[in-house]
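These notes are about the structure you will find just below.
The values are calculated or read from the model by the stated rules, or taken from the named source; none is laboratory data. These numbers come from a predicted model, not from an experiment. Positions of Cβ are backbone-derived with ideal geometry, glycine not excepted, and every protein chain shown enters the neighbour counts. Side chains included, ligands, DNA and RNA excluded: accessible areas come from the protein's heavy atoms. Shrake-Rupley method; radii C 1.70, N 1.55, O 1.52, S 1.80 Å.
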Amino acid sequence: MSNYSKPLVIEAGRSERQYWQDLWRYRELFYFLAWRDILVRYKQTAIGVAWALIRPVLTMIVFTVVFGGLAKLPSDGVPYPILVFSAMLPWQFFANALSECSNSLISNANLISKVYFPRLVVPTSAVIVSFVDFLISGIVLLALMAWYDFVPSWRILTLPGFILIAFIAAMGAGLWLAALNVKYRDFRYIVPFIIQFGLYVSPVGFSSSIVPEAWRWLYSLNPMVGVIDGFRWAILGGQTQLYLPGFFLSTGLVVLLFAGGVHYFRAYERTFADVI
Amino acid sequence: MSDVIVQVENLSKKYILGQQRQERYQSFRDVIGRRTKALMRPFRKSSTKKQAIGEEFWALKNVSFDIRQGDRVGVIGRNGAGKSTLLKVLSRITEPTQGRIGIRGRVASLLEVGTGFHPELTGRENIYLNGAILGMSRTEIRRKFDEIVSFAEVEKFLDTPVKRYSSGMYVRLAFAVAAHLEPEILVVDEVLAVGDTTFQKKCLGKMQEVSTEGRTILFVSHNSSAIASLCDRGLVLDKGQVRAYTSSMEALSLYNNEINQNTFVRDRELNNPHIQKVELDQDLLEQGTLKVNVHFESPWDLNPPIVGMVVSSLYGMPLFGTNPRIHTKGFQPRSMRSGIATMQIDHLPLHSGSYKISIWLGDNHQDYDSITDALTFDFISPQFMANLPSVDIIGPFNIPAQWRLENDAQYTVYA
């Protein structure tokens, strides 16, 4: 009759041994929470999912005009809109995931204080929601490629790997901010700032090749640099070069960020219901 | 023992009041400020720390008890006795400060009706969402979907967003999902206080059905008759500690002794004839006798003083009234200034439930004083029957009657 062969033990200071088993048992909740957020997002909107397309397209147009048209920055031999959009994809995903994720625990406060489930489910589904938007705006990239008759090289096959890195980066930063936000609501104001600031310090509107060689490693301390450069390398092909030391530095930081995020989140998770 | 399904040992839960009450969340600035202060005054670190921690509050203190398979435990106690904290710790929402709980089996907790319902989603979508939140798998929900819908009586509105539901429909749907969980241990907080009485009865019935299937129930309620009819064990909590863990009847009467307002004392002096104090004899009440003493005072002689009394339901519906002019037997009128009027009803003909008493004072000519709802009491009938239909259906009165079966000669063919 019992689902657990061994009795479950609840004790102070002891993170339940069944945590990862529980996470698996609640796997459908990832799906349901993400599904709820997606359903709710476009309820009572006239054009619905089109919003997921309009926002990145408008930003891309602005960036193309400002950086490509007015500032005349180099485009590494690809159409500037494609250059911008191949970076816009991972950046928008990261930015959306970060803001959704950092607010996820607070906007689900009623759930947290009334029902048990592994709390990791909540921020993860927030990232999944942003991932769905990411896939939708991927359509725009395909349309742009078709418009400019741009044929990607074999490198496009490595794209899933970079998507994974983007996912881990978003999760890592998101977990930190979600857990911190429960305790210190200051992060509600910090996150929009990070996102706004990040857009300019990440190579979204321009190629990172304009950064002087001597400073590239320093620039790579921004974890999104590795992700965005990876995306460009995979999508644009041709002369685009991947600055490897910088890429590994970025990726290493992403992994650290994620591991730290999971650890911090797990450590504070048990007090969420009392503090939120 | 092998059939112990929940074992709680020395469970304690501490809250820090400063954190819990005044500022529910800390601001980053405060922490930075405190840390800076601590840095600047390294030698007074301990005092700063103490200040930061605030007042401790033990919501639970050394609570120990065992629950066996199939027990239906009612958790009783005043507001703030730690009932909800206990349920929260048991359902793993919050972690204990000390102590240990061993649980064999899946726990489903229902601490609030409709947790996780999203107003924008339709009834159908919310059933799936809520089911998943409560720990049901998609196939499980699909299997029970029709049952849930018919229990909630919302067939027609399945594809309407729940924000357009009436509050009754909302609650029905929410309870229906939770009621179809199939855990070994069901933890329920005061959720039946919502919805209309018919639905409350349906919920209680559903819980009774669940309990007859051998599942274990932990139930918090302020409704004594709900506990009396559903539970067989009672856990009385007081200020975070276990006062008693016995049969539900004993636990209820222990609790009622404390909680009920069975005395009323007027706190100020009056220059008119007035009621000073009203007392109810709790010991006699447990034996089925309602005995009330009314102390009255007057600046002049009342000839005779007349005290009247109305017993009403908890909802304020008057049930019966009495005074010495109606029930004259044994009453000897005389002139008095102050004294005690005693009223006694043997074999109080009421079913178990909560009742209120209002008192009136006057004489043959005029009214002087009246106290509406002076006392509240919980009556547990000595002839308590577990299968009694709800008082909301059969009414509060327990009027003795005789029943008999006979053969009808006209139709008896096989006799």
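Could you report the buried accessible area between A and B, both sides summed, computed with a 1.4 Å probe and given in Å² to the nearest 100?
4500 Å²
How many percent of Cα pairs in the protein assembly as shown exceed 32 Å?
Summing the P(r) tail past 32 Å for the protein assembly as shown gives 65 percent.
Among B:E286, B:E209, B:E269, determine the one that fluctuates most according to a GNM of chain B built with springs between C-alpha atoms less than 10 Å apart.
Residue with maximal mean-square fluctuation among B:E286, B:E209, B:E269: B:E269.
Rounded to a whole number, what % of the accessible area of chain A do carbon and sulfur atoms account for, probe 1.4 Å?
70 percent
By how many degrees, 0 to 90 and rounded to 10, does the Cα axis of helix A:244-269 deviate from the longest principal axis of chain A?
Once rounded, the angle reads 20 degrees.
Any idea how far the Cα center of the range A:180-259 sits from the one of the range B:100-136, in Å?
Centre-to-centre distance over Cα atoms comes out at 39 Å.
Only bridges whose two residues both fall in the protein assembly as shown count here: according to DSSP, what percent of them are antiparallel, nearest 5?
80 percent
Do you know which residues of the range B:71-111 lose at least 50 square angstrom of accessible area in the protein assembly compared with their chain on its own, with a 1.4 angstrom probe?
Going by heavy-atom accessible area, the residues of the range B:71-111 that drop by at least 50 Å² are B:R92, B:I93, B:E95, B:R100, B:I103, B:R106.
Quickly rank A:112-124, B:94-106 as a protection proxy: mean count of other C-beta atoms within 10 Å, highest first.
A:112-124, B:94-106
Could you sort the peptides A:164-172, B:3-11, A:43-51, A:262-270 by per-residue average Cβ neighbour count (10 Å cutoff), highest mean leading?
With the highest mean Cβ count within 10 Å placed first, the list reads A:164-172, B:3-11, A:262-270, A:43-51.
Set Lys and Arg Cβ to +1 and Asp and Glu Cβ to -1, take the dipole of the range A:22-275 about its Cα centre, and tell me which of A:L242, A:T64, A:A109 lies farthest positive.
Of the listed residues, the answer is A:A109.
If amide H atoms are built 1.01 Å from N in the plane of the peptide, which residues on other chains or at least 5 residues away come under 5 Å of the amide H of B:L110?
Excluding prolines and chain starts, which carry no amide H, the hits are B:V187, B:V188, B:D189.
Provide the per-residue ³J(HN,Hα) series for the range B:218-226, in order, calculated from phi with Karplus coefficients 6.51, -1.76, 1.60 and θ = phi - 60°, each as a whole number of Hz, with x at glycine and proline positions.
3J(HN,Hα) across the range B:218-226, in whole Hz: 10, 9, 9, 7, 9, 8, 4, 5, 5.
For chain B, with a Gaussian network of springs between Cα atoms less than 10 Å apart, report the residue from B:L285, B:L314, B:L405 with the top mean-square fluctuation.
B:L405
Based on Cβ point charges of +1 for Lys and Arg and -1 for Asp and Glu, what charge dipole magnitude is obtained for the range A:22-275 about its Cα centre, in debye rounded to the nearest 20?
500 debye
Using amide H atoms built in the peptide plane, which far-off residues or other-chain residues are under 5 Å from B:T160 H to H?
Correct list: B:G123, B:R124.
Report the full-extension gain for the segment A:I139 to A:L221: residue separation times 0.36 nm, less the Cα-Cα distance, to one decimal in nm.
26.5 nm
Once each part is reduced to its C-alpha centroid, what is the distance from the range A:72-137 to the range B:274-326 in angstrom?
69 Å
Taking each residue in B:241-247, count the Cβ atoms of any other chain within 10 Å of its Cβ, then average. What number comes out?
So the per-residue partner count for this stretch is 0.
Test of understanding: in a Gaussian network model of chain B with alpha carbons linked when under 10 Å, which of B:H295, B:H180, B:H327 would top the mean-square fluctuation ranking?
The residue that fluctuates most here is B:H327.
Give, rounded to the nearest 20 debye, the magnitude of the charge dipole that chain B has about its Cα centre when Lys and Arg contribute +1 at Cβ and Asp and Glu contribute -1 at Cβ.
My answer is approximately 2400 debye.
How much of the accessible area of the range B:263-394, probe 1.4 Å, is carbon plus sulfur, in whole percent?
C and S fraction of accessible area: 48 percent.
Over the range A:165-234, with the other protein chains present, what is the accessible area per residue in square angstrom, probe 1.4 angstrom?
Per-residue value: 39 Å².
Roughly how many Å² is the accessible area per residue of chain B, as a whole number, for a 1.4 Å probe?
On a per-residue basis, 52 Å².
Can you pull the mean other chain C-beta count within 10 Å for peptide A:107-116?
Other-chain Cβ atoms within 10 Å of each residue's Cβ, averaged: 6.
Taking θ as phi - 60°, what are the ³J(HN,Hα) couplings along the range B:141-157 by the Karplus curve (6.51, -1.76, 1.60), each to the nearest whole Hz, with x for Gly and Pro?
Values per residue, Gly and Pro as x: 5, 4, 5, 9, 3, 5, 4, 4, 5, 6, 5, 7, 6, 10, 3, 6, 10 Hz.
What's the angle, to the nearest 10 degrees (0 to 90), between helix A:50-63's Cα axis and the longest principal axis of chain A?
Relative to chain A, helix A:50-63 is tipped by roughly 40 degrees.
Helix B:28-40: angle to the longest alpha-carbon principal axis of chain B, degrees 0 to 90, nearest 10?
Tilt relative to chain B: about 70 degrees.
Residues of A:40-53, mean number of Cβ from any other protein chain within 10 Å of their own Cβ, rounded to a whole number?
1
Could you name every residue in the range B:117-148 that has 40 Å² or more less accessible surface in the full protein assembly than in its own chain alone (probe 1.4 Å, ligands and nucleic acids excluded)?
Listed in order, they are B:H118, B:E120, B:L121, B:E125, B:L129, B:A132, B:I133, B:R138.
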